[in-house]
Amino acid sequence: MTTRLYFDDAYLTHWTTRIKDKLEREDGIYVVLEESAFYPHGGGQPNDTGRIGGIPVLDVISEGDVVLHKVERFPEEAEARCEIDWDRRFDHMQQHSGQHLLSAVCRELYEAITVSFHLGEDYCTIDVERPELSAEQLEAIEREANRHIYLNHKISSYFVTQEEASRLPLVKPPKAVDRVRIVEMEDVEYNGCGGTHVAATGAIGMIKLLKTEKQKGNVRIFFKCGYRALREFQEQQHILATITAKLKTGRDSILERLDKWEDEQKRLQREYDTLKEAMDEVTVSELLEKREGGIIAQIYADKSLKDLQSLAQKLTAQTDAAVLLATEAEQKVVLAHNGSLSLSCGAFFKEHLSAYGGKGGGSDKLAQAGFSSWADALAFYEFVKQTVS
């Protein structure tokens, strides 16, 4: 049995203890400590890391009443000085306590019960039993959660019997049958939980909601707490400062400037589309004059596949000849006709593409293919031109 020190003091970071056992397994080597403050992953919270006798701890798992510590190598001494990676531990404490508070507020304001919790490396999520939450409701949740942070409610943890637990207003019935660990957030909630938590809500720092997604009939809320939330705010401020500098405007005017920029882009796009349509008409006329027998063929240096497809459709609307186009920039080839030919473009491509390392396909009237090199694309283009002609 391992004495779990984090139950009594989540802020404990250094201690000396005896090494009780050493294990070799297929996935690595493990040590068992007489006393451990390393939290094993579970309950939505990741494991702690740190050092045992100066040796890095890679993972921590719980098996029954024993905590196993995966290490790079076995310590040589019978006793070891242990230390927790405090930055990681405190981050997890902020996120986990923040989750308890956020879930309590969701439940109190909108009867949105939390059904799952995930503490990730970059952000946290809770899934709540609601079909949706409006922007106004999310703002209210965030505001109320942070109000409780400023009130600095005491957070304490202790063990009770199952009978004692049954008399507490717990969020949900406990899983434990003997001793039940309670995490009490004063004036907020009682919760059965085995994780590590800060000593008061003020240490959560802040809670920032990021976004929501629908998840199997529930709402998934993405959020960050504490230093994560602070870094998120700093990054957003940096982005905002960069945008305002590029647009040469103040923060208060940025939305107005973006609206004007969007209107200008739409106007320029309309002008571009008009000019492109006129240019395409000229190009189509020139290509129609280049018809050689039953095919119109042309290679372009920098046109996109979309441009080739558009030209092919405009050409086939005015001629019964096959249209073969290629672009060196994208290493693509397009073949089309208006339906007057017995040739199936898609079937023809599928039959011959593999010999040239190409991939593609299409319908009877229009097919396209891409190649890993321009040499392959050009070789296929010449083959199609000769065959179709």
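Summary of computed values
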item: Max mean-square fluctuation residue, GNM over the chain, Cα-Cα springs under 10 Å, options Ser285, Ser134, Ser103; result: Ser285
item: Rg to Rh, two decimals, where segment 174-214 supplies the alpha carbon set and Rh follows Kirkwood; result: 1.08
item: Extended-chain gain in nm, criterion 0.36 nm per residue less alpha-carbon gap, Leu247 and Arg291; result: 10.9 nm
item: Over segment 1-76, relative contact order from alpha-carbon pairs under 8 Å, at least 6 apart, %; result: 29
item: In Å², nearest 10: area of Met206 left accessible to a 1.4 Å probe; result: 70
item: Sequence-separation-based contact order of segment 1-150, relative, with Cα cut under 8 Å and 6+ spacing, percent; result: 19
item: Estimated 222 nm signal from helices in the chain, with DSSP H stretches of n ≥ 4 weighted -39500 (n - 2.57), rounded to 500; result: -12000 deg cm²/dmol
item: Those lysines that a straight Cα-Cα span of less than 19 Å connects to Lys306, excepting residues fewer than 8 apart in one chain; result: Lys276, Lys314, Lys332, Lys359, Lys365
item: Kyte-Doolittle at least -0.5, axis length at least 15 Å by Cα - qualifying DSSP helices, the chain; result: 226-247, 305-316, 374-388
item: The chain - convex hull of alpha carbons, volume per residue in Å³; result: 247
item: Student exercise, segment 228-295 dipole from Lys, Arg, Asp, Glu Cβ charges, in Debye to nearest 20; result: 540
item: Residue among Gly250, Gly192, Gly361 with the largest mean-square fluctuation in a Gaussian network model of the chain, springs linking Cα atoms under 10 Å; result: Gly361
item: Kirkwood-type radius of segment 52-192, with distances r between different C-alpha atoms, in Å; result: 17.9
item: Residues of type aspartates and glutamates that Lys350 reaches as a straight line, Cα spacing below 17 Å, ignoring anything fewer than 8 places off in the same chain; result: Asp364, Asp376, Glu382
item: Percent carbon-and-sulfur accessible area, the chain, ignoring ligands, DNA and RNA, probe 1.4 Å; result: 48
item: Reach of Lys260 by Cα under 19 Å, taken over lysines that are not fewer than 8 positions away in the same chain; result: Lys246, Lys248
item: The chain - percent relative contact order, Cα under 8 Å, separation 6 or more; result: 10
item: Furthest towards positive pole of dipole, Ala165, Gly53, Val388, structure part the chain, Cβ charges; result: Val388
item: For the chain, built as a Gaussian network whose Cα springs stay under 10 Å, the top-fluctuating residue of Val66, Val115, Val282; result: Val282
item: Solvent exposure ordering (accessible area, 1.4 Å, most first) of Arg251, Arg257; result: Arg251, Arg257
item: Residue order for Glu189, Glu76, Glu277, Glu35 - accessible surface, 1.4 angstrom probe, largest first; result: Glu76, Glu277, Glu35, Glu189
item: Where the chain is the region considered: accessible area per residue in Å², 1.4 Å probe; result: 55
item: Most positive-pole-ward Cα, Asn191, Ala312, Ile155, against dipole of the chain from beta carbon charges; result: Ala312
item: Dipole magnitude of the chain about its Cα centre (Cβ charges: Lys, Arg +1; Asp, Glu -1), debye to nearest 20; result: 460
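The values are calculated or read from the model by the stated rules, or taken from the named source; none is laboratory data. This is a predicted model, so every value here is computed, not measured. Positions of Cβ are generated from backbone atoms using ideal geometry, with glycine treated the same way; all protein chains shown enter the neighbour counts. Please note that ligands, DNA and RNA were not included when accessible areas were found on the heavy atoms of the full protein model with its side chains. Shrake-Rupley method; radii C 1.70, N 1.55, O 1.52, S 1.80 Å.
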